[in-house]
Amino acid sequence: MLFRFKVPSQAREDEVTPRELFLTRRSAIAGGAALMAAGGLPAFPGLAKAATFQVPTTVSPQDPKLDAPTPKESATTYNNFYEFGTGKTDPSERAGSLRTSPWQVVVDGEVAKPMTFGIEDLLKFPLEERVYRLRCVEAWSMVIPWIGFPLAELLKRVEPSWTARYVAFQTLADPAQMPGLRSPVLKWPYTEGLRLDEAMHPLAILSVGMYGEVLPNQNGAPVRLVVPWKYGYKSIKSVVRITLTREQPPTAWNLSQPSEYGFYSNVNPDVDHPRWSQANERRVGEFFRRKTLPFNGYAEEVAGLYKGMDLQKFH
Ligand code: MTE
């Protein structure tokens, strides 16, 4: 494994994000600035109680040049979130209308114990900071310090049945909060899917924050998937439902253009998009293009999941 996850006791003082800061910001957003100004009463007393924990930082021993984090300003203003429009600045300009609290994620399907998690329940999972590359199918990329926890931890709680082979994800689809839904650019709600073994892989996380803070709405608040070895569109935002299934589930991009967007969507410099090359990419904020790495640089960890598969066919 290329990634070492430090437990809080191993992390140096300067390597941890105070959870207090993280949760205080969440309370401030949920409760409104006025409440904070009036004495900082937290909106969720339960959350405030957990405020003494700290978020451990993941140390990534990859080439530090490759993994220099993208400036937060770029990562929060150059986004794809079609529920708020197709322009890169639409999400940061319009996603303020998304209400992220209260928020529930239903987990159901082929499981022994279907459950509904409130966002406050998700924040109780052991949060870690993970610096991952995000490679968009449009051939740009970023490096983002996410805060989240392995999707596997959530899936284990609901006890997948032996019949479960895939995991389907669904984003909220509320036209009152999401102006982009008026346009039929995709089949709403936005959906995505993984094979169960992909979903259980330790690199796949549910993220609730980035850059040491709660997720901005435009980046998929309050909870999104991050699957770093796949094209960015697999990392579905603002998730409200996770369903374990027997059959491969339909996905929004595959439904819209099946020849261009396969189910697997592993980053693969050898398989071009029908309309452009995937051999290289532009790191947001950089001028020169760099070579795209197989599985976005995570081949050592994940290539085994696809042993024996024709990756041209199963793109
Ligand atoms: N999730 C939803 N619900 N709607 C979207 O339009 N866009 C995807 C993915 N998740 C998208 C989504 C695409 S194409 C990319 S590249 C990433 O989100 C972008 O994530 P970012 O804006 O946080 O960089």
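How would you classify the range 157-315 from its alpha-carbon gyration tensor, with a ≥ b ≥ c the square roots of the eigenvalues: rounded for a/c under 1.5, else prolate if a/b is greater than b/c, otherwise oblate? Please list the in-between numbers first.
Details: a/c = 1.35, a/b = 1.11, b/c = 1.21.
Judged from the Cα gyration tensor, the range 157-315 comes out rounded (a/c under 1.5).
A viscosity of 1.567 mPa s and a temperature of 4 °C, combined with the Kirkwood radius over Cα pairs in Stokes-Einstein, give a translational diffusion coefficient for the range 150-202 of 100 µm²/s.
Straight-distance candidates among the lysines for linking to LYS72, with alpha-carbon spacing under 17 Å and chain neighbours fewer than 8 residues away dropped: LYS88. Solvent exposure of the range 229-315 amounts to 50 Å² per residue of accessible area, where only protein heavy atoms count and the probe is 1.4 Å.
The values are calculated or read from the model by the stated rules, or taken from the named source; none is laboratory data. Note that this is a predicted model, so its numbers are computed, not measured. The accessibility values were calculated without ligands, DNA or RNA, using every heavy atom of the protein model including side chains. Shrake-Rupley method; radii C 1.70, N 1.55, O 1.52, S 1.80 Å.
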